[in-house]
Amino acid sequence: MKTLTVRLIFSCLFFSQLTYAQVDAITRASSNHSSGSGGSGSTSYDYSDDDDDGGGSGVFLIDFFFNVGFNGIAEWQKMKLQKKEVNPTVISFDVMLQTALQPSSYYIVNPRIRANWGLFSSDFRFNYLIEEGFEGTKHIRTDDWQILQLNFVTTRNVIARFGGGILHENYSGGKTFSEWTLGLHVQSNNQQIGGMAEYRWSDPRNEWNAQGQFRIFQSRALNGYLTAGVVRQRYYDTVTVWGLQGGFMLRIF
């Protein structure tokens with residue numbers, strides 16, 4: 001029994017130290033990206049300047065407006081806004097606070113807002129990765145702004161969107177990258193229950209996240225939801241973090 005207890009304590013200490021290295025590993029990978037080469041056991045990265053300065057998102061926006069044309073965009077937007085009677089969330093504002101926990105090692109916290117207006121959405125969030133260990137608490141943060149998302153599907157029960165924007169690292173020199181998203185939001189006819197799944201990809205990080213939503217109160221245009229789900233992030237094709245996610249969302253529509 002004593003031997004088993006010692007082994008359990010050793011295992012807990014080992015995994016605590018192992019997961020505590022996640023923040024440091026991500027910071028090192030970001031620094032290696034800056035120099036273009038890594039040391040022993042690291043990976044070299046070779047990205048273009050357009051990716052580093054977020055230029056890809058600007059090209060996406062210019063190409064979209066040029067190819068579709070302003071008259072076509074206006075008609076598309078008019079058609080989307082006419083669906084508000086069927087799906088009121090096509091014109092809405094969301095405020096979300098999501099926190100993911102990987103037991104006994106780290107947290108992923110995502111304060112987030114999103115504005116929806118017919119065809120268009122814009123989404124901004126802070127992404128905090130927080131670790132606790134013997135040496136104290138460490139964290140890194142990215143600022144993720146999906147400048148323009150297109151709600152190309154807006155039915156009574158389903159909204160699907162694709163967009164582009166920027167990811168800014170608030171560490172290792174504060175670099176900025178293009179980031180893309182593909183998202184799906186489903187809901188019941190009365191918006192009582194729903195769910196959202198999303199994929200984000202950029203040079204420094206790829207992410208999957210999904211959550212269920214359950215409305216706990218409604219007061220005129222204000223709706224409050226409890227959320228629960230899962231998130232998985234992989235940084236620089238090297239470091240993977242994940243967590244069970246829970247939180248609260250306010251939606252105005």
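The values are calculated or read from the model by the stated rules, or taken from the named source; none is laboratory data. All of these numbers come straight from a predicted model, not from anything done at the bench. FYI the Cβ positions are ideal-geometry reconstructions off the backbone, even for glycines, and counts take in every protein chain you see.
Only one of the numbered conditions (1) under 21 Å from V95 (Cα atoms); (2) in contact with a His (Cβ under 7 Å, 6 or more places away or on another chain) is not met by I130, and that is (1). Here F217, F162, F253, F177 are screened, and the one residue that is of a type in the set (A, V, I, L, M, F, W, C), within 16 Å of the chain's Cα centre (by Cα) and surrounded by fewer than 21 Cβ atoms within 10 Å (Cβ to Cβ) is F162. Could you check the stretch 120-151 and list, in sequence order, the residues that are at pLDDT 95 or above and more than 21 Å from W208 (Cβ to Cβ)? Once the filter is applied, which keeps residues that are at pLDDT 95 or above and more than 21 Å from W208 (Cβ to Cβ), the stretch 120-151 yields F120, S122, I147, L148. With respect to being touching a Leu at 6+ places or on another chain (Cβ under 9 Å), of a type in the set (G, A, S) and free of Cβ contacts under 8 Å to residues at least 60 places away in the same chain, A197 fits the description. Considering R220, R156, R232, R215, the condition of being over 22 Å from S122 (Cα atoms), of a type in the set (D, E, K, R) and modelled with pLDDT under 95 is satisfied by R220 alone. Among A210, A221, A197, A228, which is the only one that is in contact with an Asp or Glu (Cβ under 9 Å, 6 or more places away or on another chain) and aliphatic (A, V, I, L, M)? After applying the criteria, what remains is A210.
Listed conditions (1) outside any strand (DSSP E or B); (2) touching a Ser or Thr at 6+ places or on another chain (Cβ under 8 Å) are all met by I166, apart from (1).
Condition check ((1) under 21 Å from F93 (Cα atoms); (2) among the hydroxyl-bearing types (S, T, Y)) across all residues:
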site	(1), (2)
G165	yes, no
N170	no, no
S178	no, yes
S188	yes, yes
R200	yes, no
P204	no, no
N209	yes, no
R215	yes, no
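Residues that are hydroxyl-bearing (S, T, Y) and under 19 Å from K83 (Cβ atoms) were ranked within the stretch 140-159; the one that is farthest from the chain's Cα centre (by Cα) is T155. S34 meets the conditions (1) surrounded by 15 or more Cβ atoms within 10 Å (Cβ to Cβ); (2) at pLDDT below 90; (3) part of a helix (DSSP H, G or I); (4) of a type in the set (S, T, Y) in every case but one. The failed one is (1). Within the stretch 184-211, being surrounded by fewer than 17 Cβ atoms within 10 Å (Cβ to Cβ) and among the aliphatic types (A, V, I, L, M) holds for L184, V186, I193, A197, A210.
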